[in-house]
Ligand code: GDP
């Protein structure tokens, strides 16, 4: 990877008529020179690191005015990438930032790849891989808790324990290898001590691994489909839940024909609710499309809220719908509970139920609790901080765990010392992949290609 190139990108979202400020970012050896070519500052403002300069961006040849902007200078090594970084804080929207970016490219910069600024920060040792991944998580966070978990990662709350685990493995490896090389000169290995240390490592690895489920939920969120016969109160339920009028509530059966998507947060987990059209056998063409779509969306959901009308009780149609969604996790929502004195009779196999009176905004908290119980968030606190590892980290940790278990087996079976070291090295390699101490270029490509451009 050639790091003598200066890269450029628009670092803010590019949306017409939105955002009062847009930032174009440069990083690399010629960043400062490019700024000198295209930015003119009136008066006696000093151009030095970590200062903001006010002025005009002009085409260097024609002197045409491109934007009135601020220039932020962050010279190496005190910058995000540890290279010289320049930011032009331009007017928002599309045109100003695009024209400024174009000028930077004409002046010799290259358009940055997705995540390339962060990749440089990693390659230059400013961040380890867990922190780099946390930055992407932070940018993509859809709930305050997801953002918090990302911040913990950025602050090194995953990096530190992994580095410690790896250091202990390296210590044990050194002790064993010394016995292989200088067997006669050293006291024999303390096998009990080694087994105890590796068992402790396994406990810690297990604890961190347990955060993977929560990490996955925080990152990708949950897709929940609300299904049920027409008029049982699905729209009312979604309305009560989202407390905003995204779905139309009406007395006419079958009027919610579209799948309306709503973004909510339940216990920190971003939830996408698919409010689906009433499911029933129908000859009405338009309604049929809605019904099919709702069944399709239920197939793609992580969790189905099958809603029934408490007053009507458990009907044959409800049973049919239940049969078609049964392969997904299902919570039965008994709505309109305000209309009955006693809960309707249900089939024995349905145990997970929640009673609601959606039109009166009642039962939503119980519903959220049932959802959380169903998905089992598996939150594990480490040093009072929430960790939430991602799939890549979980896969590497699992490899480390297997290798460590094999070391213990090799010790128990009194296999030759070489067998112990092979597995220990396996664990060291896997842990190193998490922090990036041992990582291949293709793994880096895969990680950083998921970033947005300008990050
Ligand atoms: P959908 O077709 O399943 O989306 O049902 P709607 O949400 O449109 O509700 C159908 C009718 O039932 C509306 O008149 C709602 O006001 C009424 N409704 C919804 N939830 C409740 C409830 O909990 N109690 C009572 N009494 N009526 C409700």
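The values are calculated or read from the model by the stated rules, or taken from the named source; none is laboratory data. None of the values given here were measured: they were computed from a predicted structure. Ideal geometry is used to build each Cβ from the backbone, glycine not excepted, and the neighbour counts take in all protein chains shown.
Which residue pairs have Cβ atoms under 6 Å apart, sit 6 or more places apart or on different chains, and have a first residue in segment 309-325 that is within 18 Å of residue 336 (Cβ to Cβ) and a second that is more than 13 Å from the ligand (Cβ to nearest atom)?
Close Cβ pairs satisfying both conditions: 310/344; 313/344; 314/344; 314/346.
Please find, among 163, 194, 208, 176, the residue that is modelled with pLDDT of 90 or more and crowded, with 22+ Cβ neighbours inside 10 Å.
208
Would you mention how many residues in segment 313-368 are touching a helix residue (DSSP H, G or I) at 6+ places or on another chain (Cβ under 8 Å), modelled with pLDDT of 95 or more and part of a loop (DSSP other than H, G, I, E, B)?
2
Being within 19 Å of residue 451 (Cα to Cα) and outside any loop (DSSP other than H, G, I, E, B): is that true of residue 167 here?
Taking the combined requirement at face value, the residue does not satisfy it.
Within segment 202-234, count every residue that is outside any helix (DSSP H, G or I) and away from the ligand (no atom under 16 Å from the Cβ).
Number of matching residues: 5.
Go through (1) closer than 14 Å to residue 8 by Cβ; (2) without any contact (Cβ under 8 Å) to a residue 40 or more places away in the chain for residue 23 and report which single condition fails.
(2)
Quick one: what pairs do we get from segment 348-361, first residue more than 12 Å from residue 308 (Cα to Cα) and touching a residue at least 12 places away in the same chain (Cβ under 8 Å), second more than 10 Å from the ligand (Cβ to nearest atom) and part of a strand (DSSP E or B), C-beta under 7 Å, 6+ apart or different chains?
350/332; 352/331; 352/332
Within segment 11-129, which strands (runs of 3 or more DSSP E) (wholly inside it) include 2 or more residues that are at pLDDT 95 or above and loosely packed, with under 14 Cβ neighbours inside 10 Å?
The strands (runs of 3 or more DSSP E) meeting that bar are 51-58, 65-74.
Let's see how each residue does on (1) modelled with pLDDT of 85 or more; (2) surrounded by fewer than 23 Cβ atoms within 10 Å (Cβ to Cβ); (3) under 15 Å from residue 333 (Cα atoms); (4) within 16 Å of the ligand (Cβ to nearest atom):
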position: 276; (1), (2), (3), (4): no, no, yes, yes
position: 291; (1), (2), (3), (4): no, yes, no, yes
position: 306; (1), (2), (3), (4): yes, no, yes, yes
position: 311; (1), (2), (3), (4): yes, yes, yes, yes
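Can you run down the residue pairs with Cβ atoms below 7 Å, 6 or more apart or on separate chains, where the first is in segment 226-239 and over 17 Å from residue 264 (Cα atoms) and in contact (Cβ under 8 Å) with a residue 40 or more places away in the chain and the partner is assigned to a helix (DSSP H, G or I) and within 7 Å of the ligand (Cβ to nearest atom)?
Note: pairs meeting the criteria are 228/234; 233/358; 233/359.
Looking at (1) at pLDDT 95 or above; (2) under 18 Å from the mean Cα position of the chain (by Cα); (3) farther than 29 Å from residue 160 by Cβ, which is the only condition residue 435 fails?
Among (1) at pLDDT 95 or above; (2) under 18 Å from the mean Cα position of the chain (by Cα); (3) farther than 29 Å from residue 160 by Cβ, residue 435 violates only (3).
Residue check, residue 316 against (1) out of contact with any strand residue (DSSP E or B) (no Cβ under 8 Å at 6 or more places or on another chain); (2) under 19 Å from residue 234 (Cβ atoms); (3) within 16 Å of the ligand (Cβ to nearest atom), all met but one. Which one?
Condition (3) is where residue 316 drops out.
For residue 396, which of the numbered conditions (1) over 25 Å from the mean Cα position of the chain (by Cα); (2) closer than 27 Å to residue 145 by Cα; (3) free of Cβ contacts under 8 Å to residues at least 40 places away in the same chain fails to hold?
Status for residue 396: all satisfied but (1).
Quick check on my filter: what residues within segment 332-362 are surrounded by 14 or more Cβ atoms within 10 Å (Cβ to Cβ) and more than 16 Å from the ligand (Cβ to nearest atom)?
Within segment 332-362, 346, 350 meet the criteria.
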